[in-house]
1. Percent relative contact order of segment 10-154, based on C-alpha pairs within less than 8 angstrom and at least six residues apart?
2. Quick one: the Cα spread of segment 1-78 along its three principal axes, in angstroms, biggest first?
3. Say each of residue 27 and residue 138 gets a label point 7 Å from the Cα, pointing the same way as Cα to Cβ; how far apart are those two points in nm?
4. Taking every pair of alpha-carbon atoms in segment 1-154, what share in percent sits in each 10 Å bin, from 0 to the bin with the longest distance?
5. Can you give me the Cα centroid spacing of segment 1-76 and segment 97-113 in angstrom?
6. Assuming R0 = 30 Å, what is the FRET efficiency of residue 105 and residue 66, from their Cβ-Cβ distance, to the nearest 0.05?
7. Highest mean first, how do 136-145, 93-102 rank when packing is the count of other Cβ atoms within 10 Å averaged over residues?
8. So what's the angle, to the nearest 10 degrees on a 0 to 90 scale, between helix 46-66 and the longest Cα principal axis of the chain?
């Protein structure tokens, strides 16, 4: 295993994402994928995860707005959305695998990604548990008062 990533507590990711109009969240997604790629040697890079999503959503909408291509071209943005769901699915599986390697119970219920509402919960749990994983591997502790105050985000039962 390569160098561990940086712990990023849920409260901080949400604060910076909200303050930046979600720009930080895009950065967060990119950098955690790069960290996981370097750490495991097998995961996808941030570029491979984020660029197809961004281009897959933006290009069809630009074509639609400029009148280039058939009327249905905007619907091709669904390909970009499907891509990010695949990326998230892989990420959740990776976080669970990292916990298994430490002899711990996997914290994420991966199929929640397919259920509106639960997909947000599993995404927030991923942020928290990846941060906790990085802290554990580094031999440090990271406090996450938001996740700790909401057991459905931080409990690994």
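1. After rounding, I find 18 percent.
2. Per principal axis, max minus min of the Cα coordinates gives 47, 31, 14 Å.
3. 1.6
4. Calculated P(r), rounded to whole percents: 11, 36, 35, 13, 5, 1.
5. The two parts, judged by their Cα centres, are 22 Å apart.
6. Calculated transfer efficiency: 0.05.
7. Result, highest mean first: 93-102, 136-145.
8. Value to nearest ten degrees: 30.
Values in this text are rule-based calculations from the coordinates and carry no lab data. None of these values were measured; they are calculated from a predicted model. Neighbour counts are summed over all protein chains in view; Cβ atoms, including those assigned to glycine, are modelled from backbone coordinates with ideal geometry.
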